[in-house]
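Engineer: Please read through the structure below; I'll follow up with questions.
The numbers here are math on the coordinates, done by the rules we state, and not lab data. Just so we're clear, the structure is a prediction, and the values are computed from it rather than from any experiment. Methodologically, a virtual Cβ is constructed for each residue, glycine included, from the backbone with ideal geometry; neighbour enumeration extends over all protein chains shown.
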Amino acid sequence: MWTEGCRECCNECELNYKPAVSRFNYVAHPELVKIRAIQNQGIGPVMPAAKKKNTPKVVRRISVRRSGIHGKGIFAAVALGKGTRIIEYKGKRIPEEVADDKYGNDEGTHTFLFLLENQIVIDANFGGNSSRWINHSCDPNCDAFEEKGRMYIDAIKNIKAGEELTYDYNLIVEERYTPALKRMYACACGSRKCRGHILGSKR
């Protein structure tokens with residue numbers, strides 16, 4: 001096991017302790033010299049104390065909380081500029097036909113499934129991260145982009161801290177888009193551009 005102090009030394013000092021100066025002109029880490037002296041007293045192996053360093057503070061960019069659109073939502077914890085890659089959409093990968101067999105009769109209107117171009121479905125019900133809580137909006141501030149078989153959520157507008165992250169689901173179903181179906185998939189985004197449902201165009 002390496003410690004911070006040991007990383008700055010020659011990589012031979014992980015287990016093989018050397019005297020301060022050897023015939024190979026090897027200079028040991030000062031902490032290892034102290035340890036060598038302690039070991040000679042029969043105390044046993046001791047690792048050098050890690051050097052203190054200033055670790056940059058990790059700033060959370062997004063948070064999960066209750067949404068006024070639907071259930072849980074994702075909100076910007078800090079301001080996010082247009083073009084920012086916010087999060088990867090993660091989950092278990094299954095073939096499209098498996099997803100159809102598993103969820104084909106599901107009458108729910110909320111889905112955690114993302115279909116990739118290679119007909120593989122990302123099922124965020126299993127192994128998903130917080131990206132699955134991003135809600136739909138007809139006037140979204142984010143969009144989904146596929147790159148090399150992975151799905152990412154990027155900002156397509158400047159987003160203020162505290163603003164909810166959304167993208168347009170553009171959900172496609174096989175049934176004819178009747179008024180009853182549109183009511184079943186009703187949208188609650190509340191934007192001026194709201195089309196009243198989360199269904200996408202089949203054209």
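Engineer: Each label point is 7 Å from the Cα along the Cα-to-Cβ direction; what then is the distance between the points at Lys202 and Tyr177, in nm?
Structural biologist: Between Lys202 and Tyr177, the simple spin-label model gives 0.9 nm.
Engineer: Can you list residues from other chains, or at least 5 along the same chain, whose modelled amide H is less than 5 Å from the amide H of Met151?
Structural biologist: Amide H to amide H, under 5 Å and 5 or more residues apart or across chains, Met151 pairs with Tyr89.
Engineer: Check Lys157: other-chain or 5+ apart residues with amide H under 5 Å from its amide H, H built from backbone geometry?
Structural biologist: Distant-sequence amide H within range of Lys157: Gly83.
Engineer: Exposure proxy check: Met151, Met184 ranked by fewest other beta carbons within 10 Å?
Structural biologist: Ranked by crowding around the Cβ, least crowded first: Met184, Met151.
Engineer: Separation between the Arg66 and Asn158 pseudo-spin-labels, each 7 Å from Cα along Cα→Cβ, expressed in nm?
Structural biologist: 3.2
Engineer: If you stretched the chain out fully between Asn118 and Ala79, how much longer would it get, using 0.36 nm times the residue separation minus the C-alpha to C-alpha distance?
Structural biologist: Between Asn118 and Ala79, full extension yields an extra 10.6 nm.
Engineer: Moving to a separate point now. Using amide H atoms built 1.01 Å from N in the peptide plane, name the residues 5+ places from Ile62, or on other chains, whose amide H lies under 5 Å from its own.
Structural biologist: Those lying under 5 Å, H to H, from Ile62 are Ala77.
Engineer: With 10 angstrom as the radius, rank Lys72, Lys90, Lys160 by how many other C-beta atoms surround their C-beta, starting from the fewest.
Structural biologist: Lys160, Lys72, Lys90
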